[in-house]
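Bear in mind these aren't lab numbers, they're just calculated from the coordinates by the rules spelled out. Because the structure is a prediction, the values reported are computed rather than measured. In this analysis, Cβ positions are derived from the backbone assuming ideal geometry, glycine residues included, and neighbour counts consider all displayed protein chains.
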Amino acid sequence: MDTASMRDGNAIADRVEIEALRGEFTDAVMMHDYDRLASLFTEDGAVRIPDVGAAAVGRAAVRAGVERMQGMWELFVQAAHPGTIRLEGDVASGRAYLWEFGRTRDGASHRNYGVYHDRYRRTRDGWRFTERTYEIRYVDAEAVTGAASTVPDHAAG
């Protein structure tokens, strides 16, 4: 195999791994698996949501911040959609698109569409987030009238 093909093969593998990382993030949020979520970041990784003045730097802070925010919701759904990935050796950047809705424990409803602006780094454990910044593009406070499922989670282990 020539060098160009190996690079292309490596780039494809890197893109698949980064997309899997982004999928793991959404799954960890939805399954309330905060330890797994924190492990998806580098030790100095950060989550930022400038629109609400939230920021957490470091795995412990990311874990605590996401758990605290999720604790405010009676019902929360996040759906992620693939975006771009730009590879630059052992670092990369990208975007993922989000649709979220839910109802907080105090009864307020919320829907939003947003963009994650991501930075990634290859580590000995695979690709990890170094930064995930959430830009909210649209917000709607119309009542979410549905009910949360009473069926137990069926985590895939």
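By how many degrees, between 0 and 90 and to the nearest 10, does the Cα long axis of helix 59-71 differ from the longest principal axis of the chain?
30 degrees
Run the dipole for the chain about the Cα centre, Lys and Arg Cβ at +1, Asp and Glu Cβ at -1, nothing else charged, and hand back the magnitude in debye, nearest 20.
So the dipole magnitude of the chain works out to roughly 220 debye.
Along each principal axis of its Cα atoms, how long is the chain end to end? Whole angstroms, biggest number first, please.
If we take the Cα atoms of the chain, the spans are 59, 33, 28 Å.
Between ASP33 and GLU142, what is the spin-label point distance in nm, taking each point 7 Å from the Cα along the Cα→C-beta axis?
Once both label points are built, they end up 3.4 nm from each other.
Mind putting a number on the dipole of segment 68-157 about its Cα centre? Charges go on the C-beta only, +1 for Lys and Arg and -1 for Asp and Glu, and I need it in Debye to the nearest 20.
320 debye
Which net charge results for the neighbourhood of LEU37, defined as the other residues with beta-carbon distances under 10 angstrom from its beta-carbon, given Lys and Arg at +1 and Asp and Glu at -1?
-2
Using the alpha-carbon centroid of each, what span in Å lies between segment 12-47 and segment 51-128?
The two parts, judged by their Cα centres, are 9 Å apart.
Which trypsin sites (Lys or Arg not before Pro) in segment 83-124 sit in a loop by DSSP (not H, G, I, E or B) and have at most 14 other Cβ atoms within 10 Å of their own Cβ?
Answer in residue order: ARG105, ARG124.
Hey, what angle do you get for helix 3-30 against the long axis of the chain, alpha-carbon based, 0 to 90 degrees rounded to 10?
For helix 3-30, the angle is close to 20 degrees.
Between ARG105 and GLN78, what is the spin-label point distance in nm, taking each point 7 Å from the Cα along the Cα→C-beta axis?
In this crude spin-label approximation the distance works out to 1.9 nm.
What per residue convex hull volume, in Å³, comes out for segment 68-131 when only alpha-carbon positions are used?
For segment 68-131, the hull spanned by Cα atoms encloses 95 Å³ per residue.
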